[in-house]
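Shown next, in structure tokens, is the structure this report addresses.
The values are calculated or read from the model by the stated rules, or taken from the named source; none is laboratory data. In this text the structure is predicted, and so the values were computed from the model without any measurement. With ideal geometry, Cβ positions are generated from the backbone for all residues, glycine too; neighbour counts draw on all protein chains shown. The protein model used for the area step is the full one, side chains on, heavy atoms only, and it has no ligands, DNA or RNA in it. Shrake-Rupley method; radii C 1.70, N 1.55, O 1.52, S 1.80 Å.
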Amino acid sequence: MKALVFNPFSGAAGDMILGCTLDLGANRKMVKELIEASVNVSVDIREVMKKGIKALDVRINVPEKEPVRTYPEILDVVKAAKLPSGVEASALDIFSKLAEAEASVHGQTDLEKLHFHEVGQSDALADIIGSSAAIHSLNCDSVYCTPINVGSGTIECAHGVLPVPAPATLELLKKGKFYFRGGAEQKELLTPTGAAILAHFARPLEAFPQGRVISIGYGAGDSELAGPNVLQGMLCELDSCLIPDIIEVLETNADDVSGEVLGNLFEELLAMGARDVAILPATMKKGRPAHVIKVIAKPEDTEKLARKIIIETGSLGVRVIPTRHRLMAARRIEPVKFEVKGQIYGSAVKIARDSEGILLNISAEFEDCKKIAKASGIPVKEVMRKAEEAARKLFS
């Protein structure tokens, strides 16, 4: 499986993503001509050295004075460019993500009236259209992003002095579920444009996936930092068609906790973000009956879940076992409709595929099927079978 992996150890901006993907082998002539035909800019591409690393620097030359564009005006520019369908869809979604992030920060509900300042300029349009075209031209099966260095300190923008990461950037990090960290540099290293492009294309990774590197590219940033201000990208042949993941297992013994308390703890741990919870009967020293509580969690949730276990059970400690979970399928929830006793019902189903799109499993949502079973009077397992059969006809 061919994958594009971004490693933003020095942040990411639109021009850095564009430079990185062009350095990886995206068609420079095609991307340059597409940008210049779509936006009133000229594009210069040159090789530079950034603290000893050879990188591709993309300069977008824009008119001296530009109007502040609204969100609908941005959409009109993208649609008027007559881009390839996949590139247009990506560019529109990236601007949609930016608009939603800005609106969330400013408490604005009407996107039609939303004004873009920095991200509405022609250079941002060029970066987004160009990066979309370049990434599509690399023809990868999947795109990933390792933890992002966002920088630190404050920045000056149209809204005044803001902390790093900027509020809109933080919204994009949240929605994309990216791992990120602050840096020693008092600088904004991740821009809203860079965050939005990554949020559209990339899935977050905590560490590099297992595989072989095909090629390496570097996109140059504008800043001069203590280290190289470049975005590193790799085209890789991954060994697994499944998604790499890192989890931890929390475990403790409880010998004086009632079933009611354990049942409540089970539900609360899942609500707090636990991936799975198991409570197993056990026998402890002196023949005392007990339970072993086991929780599967993401590392960032471990501390709060361990604290909850200690508070609810009175345990004096929780064991934490790091585990690399390598065989996780990509899953999504889809609605299906099917007939039961002459009436049409709807249920959610979980679709599991590997990163090459091969269907691995379909499972109906139990709670939906239970409600249908109660309404129709047929066994829940029969309802689940009908839901899964309907899903296989749609998604196989």
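Brief remarks follow.
- Filter result for the condition that a residue is under 28 Å from the mean Cα position of the chain (by Cα), at positive phi and open to solvent by less than 60 Å² (accessible area, probe 1.4 Å), over 25, 19, 86: 25
- Taken over region 43-81, the residue count meeting the criterion of being in contact (Cβ under 8 Å) with a residue 60 or more places away in the chain, part of a loop (DSSP other than H, G, I, E, B) and within 12 Å of residue 125 (Cα to Cα) is 1.
- Scanning region 1-22 for residues that are in contact with a Leu (Cβ under 7 Å, 6 or more places away or on another chain) and within 24 Å of residue 169 (Cβ to Cβ) yields 4, 6, 8, 10, 11, 12, 16, 17, 19, 20, 21, 22.
- Test: residue in region 345-354 that is in a strand (DSSP E or B) and exposed (fewer than 13 other Cβ atoms within 10 Å of the Cβ): yes
- Just one of the listed residues (332, 326) is exposed (fewer than 12 other Cβ atoms within 10 Å of the Cβ) and either part of a strand (DSSP E or B) or modelled with pLDDT of 85 or more (or both), and it is 332.
- Only a single item in (1) within 30 Å of residue 374 (Cβ to Cβ); (2) within 26 Å of the chain's Cα centre (by Cα) is not met by residue 344, and it is number (2).
- Qualifying position, being of a type in the set (A, V, I, L, M), in a helix (DSSP H, G or I) and modelled with pLDDT of 90 or more, among 309, 293: 309
- Taking each residue of region 332-354 that is free of Cβ contacts under 8 Å to residues at least 24 places away in the same chain and looking for partners that are surrounded by 13 or more Cβ atoms within 10 Å (Cβ to Cβ) and of a type in the set (Lys, Arg) with beta-carbon atoms closer than 6 Å, six or more apart or interchain, yields 350/331; 352/331.
- Selection of region 355-379 for residues being surrounded by fewer than 16 Cβ atoms within 10 Å (Cβ to Cβ) and in contact with a helix residue (DSSP H, G or I) (Cβ under 6 Å, 6 or more places away or on another chain) yields only 370.
- The criterion of at least 2 residues that are open to solvent by 50 Å² or more (accessible area, probe 1.4 Å) and in contact (Cβ under 8 Å) with a residue 40 or more places away in the chain is met, among strands (runs of 3 or more DSSP E) falling completely within region 170-277, by 211-220.
- Pairs are defined by a Cβ separation below 8 Å, a sequence spacing of at least 6 or placement on different chains, a first member in region 124-148 that is at negative phi and open to solvent by 20 Å² or more (accessible area, probe 1.4 Å), and a second member that is modelled with pLDDT of 95 or more and part of a strand (DSSP E or B); the pairs so defined are 140/4; 140/235.
- Of all residues in region 119-169 being among the hydrophobic types (A, V, I, L, M, F, W, C) and part of a loop (DSSP other than H, G, I, E, B), the one that is modelled with the lowest pLDDT: 158
- Among the residues making up region 355-391, those that are outside any strand (DSSP E or B) and among the β-branched types (Val, Ile, Thr) are 358, 372, 378, 380, 383.
- Of all positions in region 291-307, none carries a residue that is farther than 29 Å from residue 204 by Cα and without any contact (Cβ under 8 Å) to a residue 24 or more places away in the chain.
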